[in-house]
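Presented below is the structure to which this report refers.
The values are calculated or read from the model by the stated rules, or taken from the named source; none is laboratory data. None of the values given here were measured: they were computed from a predicted structure. Glycine gets a Cβ as well: all are built from the backbone with ideal geometry, and neighbour counts include every protein chain shown.
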Amino acid sequence: MKRVALLAFLALPCSGFAQSLTDQINAVSAAQDQNEAAARQAWAAQQAELRRQEQAQAARAQQARRQAEAVAAARRAKLEAREAKDEAYADKLRELDLQSRELDLQAKKTDVSRENDIIDSTLKQKDAAADLTQSQADANRSVSQGAKVLMEKNGAKAELEGQAAVKKESGWFH
């Protein structure tokens, strides 16, 4: 607007030398149109620059988000890998503990089995000793009974012989 007023002011003193009033108005109108077009063009350029800056900023923000997401994903992956490794280690420890317990249980079963075998062997030995003692007692009893029977027979024989001798002695013909 200032330019238009300036042009109009400058154009007035030169009216004698210049064109007619219509030409001057047309020139002012053309200058005004040109100024408005330049202002519109400047405004459009400014708007385009603002849009370009907004798009660039949005692109930078998008890139920053992508980078942040990539960093977060890498951290998550690293954390998940560490957790998986820790879980695998804990699983291995549990497995080793279970195997150790199974081996301990198996060793205890073996010890109990050996102790049972020793107890069975001891009982069999005692049974055999008892059987031997019983057999010896039975043999002694048999010998004693045999000796008793023999003595009884010898005693009966002696008694018979004694009775026969008494009879012989007491007889008439003696």
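Observations on the model:
- Test result for Gln62, in a helix (DSSP H, G or I), within 60 Å of the chain's Cα centre (by Cα) and surrounded by 10 or more Cβ atoms within 10 Å (Cβ to Cβ): yes
- Qualifying residue in segment 65-78 (condition: of a type in the set (S, T, N, Q) and modelled with pLDDT under 95): no
- Residue match in segment 74-95 (condition: more than 28 Å from the chain's Cα centre (by Cα) and either surrounded by 10 or more Cβ atoms within 10 Å (Cβ to Cβ) or not in a helix (DSSP H, G or I) (or both)): no
- Count of residues meeting criterion [within 35 Å of the chain's Cα centre (by Cα) and among the basic types (Lys, Arg)] in segment 96-152: 3
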